[in-house]
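Before any comments, here is the structure.
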Amino acid sequence: MRIIIKDDYEKMSKAAADIIADMIRVKPDCVLGFATGSTPIGTYKELARMHKEENLDFSDVKTFNLDEYLGIGMEMSKPYETDQSYARFMYEELFKHINLKKENIHVPDGLTKEPENFCSWYESEIKRYGGIDIQVLGIGGDGHWAFNEPGSSLASRTRVQALTKQTLEDNFNSFYRKAKVKKEDMPHFAITMGIGTILETKHVLMIVNGINKAGIVAEALEGCITSKVTASAIQLHPGKVTVILDKPASSKLTWSIGK
Ligand code: GLP
């Protein structure tokens, strides 16, 4: 596991974007896994800048997002005014700024009428494209990866997951365009890639910033591997793992950064 510590959020975001851009330059038809939340916004901004100013070309890139709230979603072709879906988030924060082809974008379909079938299809699509080359991940306040809440099997696959009270609370604060929704209308379920799914990605790229996450980052990277902190499964990944932290998020690590 490579742990990189940067002075601040901007430098963390730039370092993550550089890793993704290098992959695109080496393998223009690579498969990228994207995450939502406030953490990767800076990385997406930097990728959009590289597209605009340095001709970083996404035309052959394929993408798979980690998760989506169940019951909401969007069709990429329609302009939505009041949509809090992760699809909308991705569109606003990244997709509309780069030249990804619509047919190469995969975000779990929160509007599906057949969630179980959809989840198996999503898994088979990831395989059909040859697996994910780089998966971007943040970490939830309770240590979750994607929407794999505490107690999720570390072998889990893409499925419907109930959200915990803490996640509902945390995520309402970052709910996209939350001014337009009431707290009680927030979806209580989500479709999420499983921990087993994530562990099959070739390169796990976890980014975390802020003092609020310092404790949970230390638990995930240096604590016991446990389904109570599903991101601790990072220690089980058999391939390439890069963790990029800003200084505050790294402040509770001990042995892994040689304190
Ligand atoms: C949500 C997402 C996770 C993300 C987490 C943290 O729960 N499903 O993928 O890591 O939020 O979000 P933030 O980066 O805003 O702290």
Pairs under 6 Å by beta carbon, first residue farther than 20 Å from F172 by Cβ in the stretch 131-149, partner part of a loop (DSSP other than H, G, I, E, B), six or more apart or different chains? I132/T201; D133/C30; D133/K202; Q135/T201; V136/A35; V136/P40; L137/A35
Read through the list (1) over 27 Å from Y129 (Cα atoms); (2) within 16 Å of the ligand (Cβ to nearest atom); (3) not in a loop (DSSP other than H, G, I, E, B), then give the number of the only condition that S256 fails. (2)
State whether the residues of the stretch 134-157 include one that is surrounded by fewer than 22 Cβ atoms within 10 Å (Cβ to Cβ), part of a loop (DSSP other than H, G, I, E, B) and of a type in the set (F, W, Y). no
Can you spot a residue in the stretch 175-194 that is away from the ligand (no atom under 15 Å from the Cβ), closer than 26 Å to A15 by Cβ and either without any contact (Cβ under 8 Å) to a residue 40 or more places away in the chain or among the aliphatic types (A, V, I, L, M) (or both)? no
Test S156 against the criterion of being touching a Ser or Thr at 6+ places or on another chain (Cβ under 7 Å), within 16 Å of the ligand (Cβ to nearest atom) and within 15 Å of I195 (Cα to Cα), and give yes or no. no
Among the residues of the stretch 33-46, which ones are aliphatic (A, V, I, L, M) and either without any contact (Cβ under 8 Å) to a residue 24 or more places away in the chain or out of contact with any helix residue (DSSP H, G or I) (no Cβ under 8 Å at 6 or more places or on another chain) (or both)? A35
Name the residues in the stretch 47-72 that are within 16 Å of the ligand (Cβ to nearest atom) and either under 21 Å from I132 (Cα atoms) or without any contact (Cβ under 8 Å) to a residue 12 or more places away in the chain (or both), would you? T63, F64, N65, L66, D67, E68
For the condition in contact with a Lys or Arg (Cβ under 6 Å, 6 or more places away or on another chain) and over 25 Å from I20 (Cβ atoms), what is the one hit in G258, G215? G215
Hey, any hits in the stretch 113-125 for a residue that's assigned to a loop (DSSP other than H, G, I, E, B) and over 14 Å from the mean Cα position of the chain (by Cα)? yes
Selection within the stretch 125-143 - near the ligand (Cβ under 8 Å from one of its atoms) and out of contact with any Pro (no Cβ under 7 Å at 6 or more places or on another chain): L137, I139, G140, G141
Give the stretch 110-136 a look and list any residue that's β-branched (V, I, T) and at pLDDT below 95, or say none. T112
Cβ-Cβ below 9 Å, separation at least six or inter-chain, first residue in the stretch 195-210 and over 15 Å from D246 (Cβ atoms), second part of a helix (DSSP H, G or I) and of a type in the set (F, W, Y): which pairs? T197/Y122
Among the residues of the stretch 62-71, write down those that are surrounded by 21 or more Cβ atoms within 10 Å (Cβ to Cβ), part of a loop (DSSP other than H, G, I, E, B) and either modelled with pLDDT under 95 or over 17 Å from the mean Cα position of the chain (by Cα) (or both). L70
Across the stretch 14-32, what is the total count of residues that are touching a residue at least 12 places away in the same chain (Cβ under 8 Å) and either β-branched (V, I, T) or farther than 16 Å from V243 by Cα (or both)? 12
When only residues in the stretch 211-248 that are without any contact (Cβ under 8 Å) to a residue 60 or more places away in the chain and part of a helix (DSSP H, G or I) count, which is surrounded by the most Cβ atoms within 10 Å (Cβ to Cβ)? A214
Here's a check for you: in the stretch 95-112, which residue that is within 19 Å of the chain's Cα centre (by Cα) and hydrophobic (A, V, I, L, M, F, W, C) is nearest to the ligand (Cβ to nearest atom)? V107
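The values are calculated or read from the model by the stated rules, or taken from the named source; none is laboratory data. It should be emphasised that the depicted structure is a prediction, and the values quoted were computed from it without experimental measurement. No Cβ is skipped: glycine too gets one built from the backbone with ideal geometry, and neighbour counts run over all protein chains shown.
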